[in-house]
There are 2 protein chains.
Amino acid sequence: MSSNAASARSGRRSGTSTAQADILAAARELFAAGGFDKTTLRAVADHAGVDVALISYYFTNKRGLFLAAMELPIDPGTRVAAAAAGPRASLGRRLTETFLEIWDDPVTGTAMQGFLRSAVSDEATATSFGEFASEAMLPLVVAETGLHADTARVLSSMLFGIATMRYLLKMPMFTAPSTRELIALYAPRVQAVIDADDGPG
Amino acid sequence: MSSNAASARSGRRSGTSTAQADILAAARELFAAGGFDKTTLRAVADHAGVDVALISYYFTNKRGLFLAAMELPIDPGTRVAAAAAGPRASLGRRLTETFLEIWDDPVTGTAMQGFLRSAVSDEATATSFGEFASEAMLPLVVAETGLHADTARVLSSMLFGIATMRYLLKMPMFTAPSTRELIALYAPRVQAVIDADDGPG
């Protein structure tokens, strides 16, 4: 880090933190202009004036780059993978808990709520996020849980409906319950949708 | 109508359409300031300078007044009541169809989407709508369907999640399917949540 500081002081653009910032700025611009789907790592690298390998080095893949560019403090993929492990009969509870823990946490929850607000008010953010959810998150959830894509899609709206009603619209019937009460309310009903799934289990 | 037109031309405030407009203006102001719950019909009548009986005459009750004030073109209560009638085994399909027909219809859908956008961006609208949903809509759905309040609450977020993802965020995985495809996707899964309900039925 001291060499980066030295680079910054000497005004060079090639320091690690500068390259990272350049990549993130380029990614934000291209995701906003073209969405998640059409934006390639190569285009981001060209725009940032760095080698494409540097993007993989810092952000692993396009999913990681997107999360960093949107300043999302968590990788939903990692969280879902953790929730997927365990008995199928309690998958509903683990998915519900994971979702509500992320959204009710003071740090990650505030970030997610802020992100949801900007996605709702800004079409470019909405498009990028929508494509990210469809192209990167849904297939991951399906792969990790073994659920049908159709079932995963319904579960995503079921849980996302909580986010809208609890944090965006602040409806009393969704703000009054505690995290624990919401988990008790949703876990068996999310499980009912999972149990109705005729997918690989 | 010709006598109202005459009243308007003569500058009198007591014509029918003027009284209705005065009531709606007063209702919008008081709902925005105090929310749905605390706003009484008497307060609206006082604010509009009309007799409270006139509100009942024009808008039936507070629910009707709220819907008119928010310029919502439908009464969800009437629609849910219609969907509730019929065999329990297909209630999931009827509720899903009713919801998607309202939201995908060129007239009612456009109005609902516009309303959702303003509720998300304007806290006063969100508060009134949230209280309306909790105090007026949920109990009605419970009474009409015989579902547990908990189940009705989960179903509301399940369907509302579609509204958020299809119309607000325009996520490809929710905008690509037709109304018919979404009904086929949701109906059996809404039914699974209903079947898991241990309520009266």
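Could you tell me which of the residues B:D46, B:D75 is closer than 20 Å to B:E131 by Cβ, open to solvent by 30 Å² or more (accessible area, probe 1.4 Å) and of a type in the set (D, E)?
After ruling out the rest, the residue left standing is B:D75.
Counting only residues that are of a type outside the set (V, I, T) and more than 23 Å from A:P139 (Cα to Cα), give me the helices (runs of 4 or more DSSP H) lying completely in the stretch A:29-79 with at least 1 of them.
A:41-48, A:52-59
For the stretch B:115-133, does any single residue satisfy the condition of being of a type in the set (K, R) and farther than 23 Å from B:R166 by Cα?
Just the residues of the stretch B:115-133 that are of a type in the set (K, R), to begin with: B:117.
Going one step further and asking which of them are farther than 23 Å from B:R166 by Cα, we end up with none.
No, the stretch B:115-133 contains no residue that is of a type in the set (K, R) and farther than 23 Å from B:R166 by Cα.
Residues of the stretch B:101-151 being of a type in the set (A, V, I, L, M), within 11 Å of chain A (Cβ to nearest Cβ) and free of Cβ contacts under 8 Å to residues at least 40 places away in the same chain, which ones?
B:A119, B:A126, B:A133, B:L138, B:A149
Taking the conditions exactly as written (modelled with pLDDT of 90 or more and either in a helix (DSSP H, G or I) or under 19 Å from B:G130 (Cα atoms) (or both)), does A:V141 satisfy them or not?
The answer is no for A:V141.
The conditions are (1) open to solvent by less than 20 Å² (accessible area, probe 1.4 Å); (2) at the interface with chain A (Cβ under 9 Å from one of its Cβ atoms); (3) closer than 28 Å to B:E29 by Cα, and B:G161 fails exactly one of them. Which is it?
(3)
Mind listing whichever residues of the stretch B:100-117 are surrounded by 15 or more Cβ atoms within 10 Å (Cβ to Cβ), out of contact with any Phe, Trp or Tyr (no Cβ under 6 Å at 6 or more places or on another chain) and part of a helix (DSSP H, G or I)?
Those that are surrounded by 15 or more Cβ atoms within 10 Å (Cβ to Cβ), out of contact with any Phe, Trp or Tyr (no Cβ under 6 Å at 6 or more places or on another chain) and part of a helix (DSSP H, G or I): B:L100, B:E101, B:I102, B:W103, B:D104, B:T108, B:A111, B:F115, B:L116, B:R117.
Quickly run through the stretch B:167-188 and pick out the residues that are open to solvent by 30 Å² or more (accessible area, probe 1.4 Å) and either within 9 Å of chain A (Cβ to nearest Cβ) or assigned to a helix (DSSP H, G or I) (or both).
Result: B:K170, B:P172, B:T175, B:A176, B:T179, B:R180, B:E181, B:A184, B:P188.
Please give the number of the condition A:S134 fails out of (1) in contact with a Pro (Cβ under 8 Å, 6 or more places away or on another chain); (2) of a type in the set (S, T, Y); (3) surrounded by fewer than 19 Cβ atoms within 10 Å (Cβ to Cβ).
Condition (3) is where A:S134 drops out.
Does B:T96 satisfy being touching a residue at least 60 places away in the same chain (Cβ under 8 Å), within 11 Å of chain A (Cβ to nearest Cβ) and buried (at least 20 other Cβ atoms within 10 Å of the Cβ)?
Values: touching a residue at least 60 places away in the same chain (Cβ under 8 Å): yes; within 11 Å of chain A (Cβ to nearest Cβ): yes; buried (at least 20 other Cβ atoms within 10 Å of the Cβ): yes.
Yes; evaluated as a whole, the condition is true for this residue.
The values are calculated or read from the model by the stated rules, or taken from the named source; none is laboratory data. Being a predicted model, the structure only gives us computed values, none of them experimental. Positions of Cβ are backbone-derived with ideal geometry, glycine not excepted, and every protein chain shown enters the neighbour counts. Side chains are part of the model used for accessible areas, which takes the heavy atoms of the whole protein and leaves out ligands, DNA and RNA. Shrake-Rupley method; radii C 1.70, N 1.55, O 1.52, S 1.80 Å.
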